[in-house]
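Visitor: Have a look at the structure that comes next, please.
All of the numbers you see were taken from the coordinates with simple rules; none came from a lab. This one's a predicted model, so the numbers in the text were calculated from it and none came from an experiment. Here the Cβ is made from the backbone with ideal geometry for all residues, glycine too, and neighbour counts use every protein chain on show.
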Amino acid sequence: MSKLLNLLIFGAALGLSCAVYATDEQKTTTATDKTAVTAPAQPGKEQVKEKVNINTASIEDLQKVKNIGKKKAKAIVDYRTANGEFKSLDDILKVKHRGINKKWLDKVSSCLTV
């Protein structure tokens, strides 16, 4: 029952802070303004400890951020290669890919930097 409760609390906290995946041996802790919650680790993902720079990150680095999968990461890197560095995080909205929009950027911006 406590695992289910942790998952429900973790889901509610996603909108408030940067949530990341952890390896099988680790657990992810997401801090909110009142409490910290722990969620089960996701297999095959490493934990992000600092913000990811969208101007220097590889596809693999971008994939470490929750809500950035392989296809979005590739689209971001391909756009950067073709058009040069991003000047601001909002420039990532110029990447034409399904799911890259303002709502998505609001979720991931706390984990990204330029």
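Visitor: What single numbered condition from (1) free of Cβ contacts under 8 Å to residues at least 60 places away in the same chain; (2) within 12 Å of the chain's Cα centre (by Cα); (3) surrounded by fewer than 16 Cβ atoms within 10 Å (Cβ to Cβ) fails to hold for residue 73?
Guide: For residue 73, the failing item is (3).
Visitor: For segment 82-114, give me each residue that is basic (Lys, Arg) and assigned to a helix (DSSP H, G or I). Break it down stepwise before answering.
Guide: In the first step, residues of segment 82-114 are kept if they are basic (Lys, Arg); the result is 87, 94, 96, 98, 102-103, 107.
Correct list: 94, 102, 103, 107.
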